[in-house]
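The values are calculated or read from the model by the stated rules, or taken from the named source; none is laboratory data. What you see is a predicted model, and the numbers here were worked out from it, not measured in a lab. Positions of Cβ are generated from backbone atoms using ideal geometry, with glycine treated the same way; all protein chains shown enter the neighbour counts. The accessibility values were calculated without ligands, DNA or RNA, using every heavy atom of the protein model including side chains. Shrake-Rupley method; radii C 1.70, N 1.55, O 1.52, S 1.80 Å.
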Amino acid sequence: MEPKGSSPSPQGGRLPRRSLGSSSGLHYGSFVNSLSSLTPKLDQRPSPSHRRAYVAVAVLCYINLLNYMERYTIAGVLLNIQTFFDISDSIAGLLQTVFICSFLVAAPLFGYLGDRYNRIYIMAGGLSVWLVTATASSFVTESYFWLLVLLRGLVGIGEASYSTIAPTIIGDLFTGTQRTIMISAFYIFIPVGSGLGYIAGSSIASLTGDWHWSLRLTPILGLVGLILLVLLCPNPSRGAAENNGHGVHEQSSYLEDVKYLLKNKSYVWSSLGVTAMAFLTGALAFWMPTFLFRARVSQGLVSPCSTAACNSTDSFIFGAVTVVSGILGVCLGTGLSRWLKNKVPNADPLICAGGMLGSVPCLFISIFVATANIPATYVFIFIAEVLLSLNWSPLADMLLYVVVPTKRATGEALQITVCHLLGDAGSPYLIGTISDAIHRSKPASTDWSFPSLQYSFLLCPFVGILGGIFFLMTALYINNDRRAAMQLGEVRGLLWGRFGHPSCRGRMRRFIVQVCPDGVDEFNTQNTKHFHTSHSVWMPRHC
C-alpha cells in the first residue's frame, strides 16, 4: 500500500520521493534499540487452515493437561513418599523446589530458541526428555532419594520447553476474541490437570498399594501426545495472526529482546503479580492435601500415616475441588474479560487484582477453620481457588497483546523464570522449613505436626495481598503499552511494504539514518514525527 502523496513516475526508471507517515507516537524501545531489529524478514510460509489450527490447539491442550497432571502427581502421594523415604517436611518440599529450579533455568534458553527456530522440534525434544526422566523416576528405590530429586530436576527441564513455547503458537494462530477463547481453553487445563494429578496419583497408589505406579501413567499418555504434536501441529509464522498470514523474523539479539521487555512497564508489573500468584498456588498445591490429612488426624477422624500406603481421601477430594474450581474460575475470568474489555480498557489486570485480593480472606479463614470443620475448610478453599483461577486467561492474553510477536517466547520464558524463581520454586520448601522449625520448638509428637504446618501457611495470605497490589500497578500502564505494541506492528508492516524486497534492506538502513540523523536510539525513543515528507529516499520500482 502506497503512502499518501506518492504517485508512479511516468519515466519508469525511478519513482518520486516517498515518505512514511504516522499520526501517533511510539513510546519506549519501539525497535529494540537496534538497526538489526528494524530490518524484518518476511516469513512467507502459508498460514495453517482454520481446521488445522483448531486441531493444533486441541493437541496443545492435551499435552498441557498431562504436563500439570505429572507435576502434581507427586503432591497427591506426598504422604506415601515421606513415609517411604522417611523424610521431613523441608526435605519433601525440596522435591518441588528442585523441579521448579531446573524448570526456570531451562526456560530462558527455550524462550531464546523459540523466537528463532522451529518450535515444534524444540517442544518435541523437551517432551522426549520429560517422558524418559518421568518414567525413570518411578523406579527409584528406598535408598536412592537423591536420585528421585535429580530425576525430578530433569523432568522440569523437559517441561520448560513446552510451557514456554506452546502459548506463543496459539498467539500466532489466532487473534482478537478467538485468541482469548483459545488461550482460555489452553489455560483451563492448568487447574484441571493439577486436580487430575492429585486424583490419579492417589487413586493409583491406593489401587496398587505402591506410589511408584502413580508416576507411570503420564509418561504413557505423554507418548501419545508427543506423536500427535509432531504429526498434527504446525509451526506458524511469528506474528502471522496480526499480519494477514505473513510472519516476520527479526535480527535482534537476546540482550536487545530483554531490554525491550524491561522497558515494558505493564509486562514487568504483571510478571511480579504472576510471581506472587505462583508463590501462593505453589505452596497450596504442594502442601494442602497433607495439611488436610493432618487436620483430620488432629480431630481424631483418621489415624496417623505409619505405612507407605497412606489414606488418600484428602488428595482425591482436593483434586476434585481443584478441577471444578479451576474450570469455573477460568470460564468466569474469560467471560469477565470479554464483557469488560470494551467498557474498561484495563479490565484484565483489574480482574487479576480482584482475584488475588478476594482470595486472601478465604485462605485465611480456611487455615483456621480446618482445626474444627473439614467440610467448611473445603468450601473456603473452593472459593479461593475459583478467585485465583480467574487470572489464568487474562494473564496469558495480557502478555500476548503488550509484547510484539517476535519477542513473545522470550517474554514467556522470562516471566516463567521470574515467577518460578521467586514464586513456587521456593514456597513449598519455605513452608516446609517453617513447619519443621515450629515443630522442633515443641514436643515431638503428632499433635504438633498439624499446627506447625498451619502456622507456616499464614505466609500465603500476605503474599496474596502483594500480588493484588502488583496487578493494580499493571492496570496503570496496560493501555499505553498495548497501544505501543499495536503501533509498532503497524509501523513494521509499513516498513515492510516499502522495503520488503531483499535488495532493499540496505536502503532501509540508510532510510532510517536519513529520517533520524541523530542515530537509531534517537529514532526509537522519539515519536514518529521523524516521518515527514522532507525525509525521503530514492528507490527502484520494486521497492
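Look through region 206-237, keep the residues that are assigned to a helix (DSSP H, G or I), of a type in the set (Ser, Thr, Tyr) and in contact (Cβ under 8 Å) with a residue 60 or more places away in the chain, and return whichever of them is surrounded by the most Cβ atoms within 10 Å (Cβ to Cβ). Steps first, answer last, please.
Kept after step one, since they are assigned to a helix (DSSP H, G or I), are these residues of region 206-237: 206-208, 211-215, 217-232.
Going one step further and asking which of them are of a type in the set (Ser, Thr, Tyr), we end up with 206, 208, 214, 218.
Subset that is in contact (Cβ under 8 Å) with a residue 60 or more places away in the chain: 206, 214, 218.
Details: SER206: 19, SER214: 26, THR218: 29.
Here the answer is THR218.
What residue, of GLY335, GLY355, GLY326, GLY411, is open to solvent by less than 50 Å² (accessible area, probe 1.4 Å) and at pLDDT below 85?
From the options GLY335, GLY355, GLY326, GLY411, the qualifying one is GLY411.
Scanning region 305-314 for residues that are at pLDDT below 75 and surrounded by 14 or more Cβ atoms within 10 Å (Cβ to Cβ) turns up CYS305, ALA308, ALA309, CYS310, ASN311, SER312.
Check region 256-273 and report whether any residue there is modelled with pLDDT of 75 or more, more than 29 Å from GLY114 (Cα to Cα) and of a type in the set (Phe, Trp, Tyr).
To start, the set of residues in region 256-273 that are modelled with pLDDT of 75 or more comprises 256-273.
From what is left, the residues that are more than 29 Å from GLY114 (Cα to Cα) are none.
No, region 256-273 has no match at all.
Criterion first (in a helix (DSSP H, G or I) and touching a helix residue (DSSP H, G or I) at 6+ places or on another chain (Cβ under 6 Å)) does THR168 satisfy it? Yes; evaluated as a whole, the condition is true for this residue. Just one residue in the set ILE365, ILE383, ILE374 is surrounded by fewer than 21 Cβ atoms within 10 Å (Cβ to Cβ), touching a helix residue (DSSP H, G or I) at 6+ places or on another chain (Cβ under 8 Å), more than 24 Å from GLY468 (Cα to Cα) and not acidic (Asp, Glu); that residue is ILE374.
If I ask for residues that are among the aliphatic types (A, V, I, L, M), within 22 Å of GLY464 (Cβ to Cβ) and either open to solvent by 20 Å² or more (accessible area, probe 1.4 Å) or touching a His at 6+ places or on another chain (Cβ under 9 Å) (or both), which ones from region 421-443 would you list?
Taking region 421-443 as the starting set, the residues that turn out to be among the aliphatic types (A, V, I, L, M) are 421-422, 425, 430-431, 434, 437-438.
Next, from what is left, pick out any that are within 22 Å of GLY464 (Cβ to Cβ): 421-422, 425, 430-431, 434, 438.
Residues satisfying the conditions are LEU421, LEU422, LEU430, ILE434, ILE438.
Could you count how many residues in region 92-109 are more than 22 Å from TRP213 (Cα to Cα) and crowded, with 18+ Cβ neighbours inside 10 Å? Working first, answer last.
From region 92-109, those more than 22 Å from TRP213 (Cα to Cα) are 97, 100-109; that's our starting set.
Retained after the next criterion (residues that are crowded, with 18+ Cβ neighbours inside 10 Å): 97, 100-104, 106-108.
Summing the residues that are more than 22 Å from TRP213 (Cα to Cα) and crowded, with 18+ Cβ neighbours inside 10 Å in region 92-109 gives 9.
The rows are residues; the columns are (1) open to solvent by 10 Å² or more (accessible area, probe 1.4 Å); (2) of a type outside the set (A, V, I, L, M, F, W, C); (3) modelled with pLDDT of 85 or more.
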position	(1), (2), (3)
GLY111	no, yes, no
ASP115	yes, yes, no
TRP146	yes, no, yes
LEU154	yes, no, no
GLU159	no, yes, no
ASP172	no, yes, no
THR177	yes, yes, no
ILE204	yes, no, yes
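Evaluated against (1) of a type in the set (Ser, Thr, Tyr); (2) more than 25 Å from MET398 (Cα to Cα); (3) in a helix (DSSP H, G or I), SER143 falls short on exactly one condition, (3). Among the residues of region 322-358, those identified as among the charged types (D, E, K, R) and either in contact (Cβ under 8 Å) with a residue 12 or more places away in the chain or closer than 22 Å to PHE380 by Cα (or both) are ARG338, ASP348.
Restricting attention to region 282-292, which residues are open to solvent by 10 Å² or more (accessible area, probe 1.4 Å) and modelled with pLDDT of 85 or more?
So the first thing to find is which residues in region 282-292 are open to solvent by 10 Å² or more (accessible area, probe 1.4 Å), and the list is 284-285.
LEU284 - this is the single residue of region 282-292 that is open to solvent by 10 Å² or more (accessible area, probe 1.4 Å) and modelled with pLDDT of 85 or more.
Restricting the first member to region 48-70 and to residues that are aromatic (Phe, Trp, Tyr) and open to solvent by less than 10 Å² (accessible area, probe 1.4 Å), and the second to residues that are modelled with pLDDT of 90 or more and not in a loop (DSSP other than H, G, I, E, B), no beta-carbon pair is closer than 8 Å while six or more apart or on different chains.
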